[in-house]
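Everything below concerns the one structure shown next.
Values in this text are rule-based calculations from the coordinates and carry no lab data. In this text the structure is predicted, and so the values were computed from the model without any measurement. Counting neighbours? That spans all protein chains shown, and the Cβs are built from the backbone with ideal geometry, glycine included.
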Amino acid sequence: MKNHKCDVCDKRFSQRGSRNKHLLVHSDDTLFKCDICDKGFKEKGNLQRHLLIHAGIKRFTCKVCDKRFGEKRDLKRHELTHTDEKPYQCNYCDKRFNSTASREKHLRIHTGERRFKCKICEKSFTQSGGLTKHMMTHTGEKSFKCDYCEKPFRYKGDLKKHIRTHTGEKLYRCDICEKQLSLLGSFKQHKLIHTGENPLHVIFATNDSIPNQTLASITSFTRTRCRSSVMFVKNHLGGKMM
């Protein structure tokens, strides 16, 4: 019998302690802070598990690929990548997830809930990662540094892209010509060569619903982008245009 209900989202619990623990999800309070990186946590247990990351302790090993993890939940989430299993479905759409945490994050896109607020400008975000990235616009901090050339980056994703310029790693392979590219953007642009699709195609209204000034701006922008696309095709074909 679940007699204890959350006043915020109506979720019900069988024990009062579980309900009280759940209420922290709706709160912005982080009672426990890491002394090393200042990351805040709502529960002491989460802080203790986080500290293992700084200590380099990875107690949990994947039985399939031997990859190690500091937290058991990260291992479980990783194990699903080997099975492609996604047992958790969104209540609003057909999208599925390999963890309840991922589903909860996705649900906020539908509900519009923005639990993460910037304390400087009060801008709010649906994901904690969005707030973290936003905070760097205030601090100018670039905390991700390349191990090869020490170039700093504000975002971890940008660092990962940059590292591939050193390693030569090419994650994206074309199914048609098997050409490999290191960046997703370049890969998508390459695929257009085979499909003949024009990503800059603009459908202009025939009933004069778009102001002339706007049309002029769109036309100018499109011409510039088209020139870039032509140069890309030239480089891809070794200077030989079809």
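Quick check: net charge around Lys21, other residues with Cβ under 10 Å of its Cβ, Lys/Arg +1 and Asp/Glu -1?
Working: positive: Arg16, Arg19, Lys42; negative: Glu43.
Summing Lys and Arg as +1 and Asp and Glu as -1 gives +2.
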Checklist entry - So what are the ³J(HN,Hα) numbers for segment 180-188, from phi and the Karplus equation (6.51, -1.76, 1.60; θ = phi - 60°), rounded to whole Hz, Gly and Pro as x? => result 10, 9, 8, 10, 4, x, 5, 5, 5
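Exposure proxy check: Ile193, Ile120, Ile109 ranked by fewest other beta carbons within 10 Å?
Values: Ile193 18, Ile120 11, Ile109 14.
In order of increasing Cβ crowding within 10 Å: Ile120, Ile109, Ile193.
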Item to check | Residues with amide H under 5 Å from that of Lys151, placed H, sequence gap 5 or more | outcome: Cys146
Checklist entry - Given a cut-off of under 8 Å on Cα pairs at least six residues apart, what relative contact order in percent is computed for segment 57-199? => result 8
Item to check | Pairwise centroid distance, computed over Cα atoms, of segment 129-152 with segment 44-104, Å | outcome: 24
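Given Lys11/Lys119; Lys11/Lys117; Lys42/Lys105; Lys76/Lys105; Lys21/Lys44; Lys39/Lys133, which pairs have Cα atoms separated by over 20 Å?
Lys11/Lys119; Lys11/Lys117
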Item to check | Using θ = phi - 60° and Karplus 6.51 cos²θ - 1.76 cosθ + 1.60, couplings along segment 101-108 (whole Hz; Gly, Pro as x) | outcome: 5, 5, 5, 4, 5, 5, 4, 5
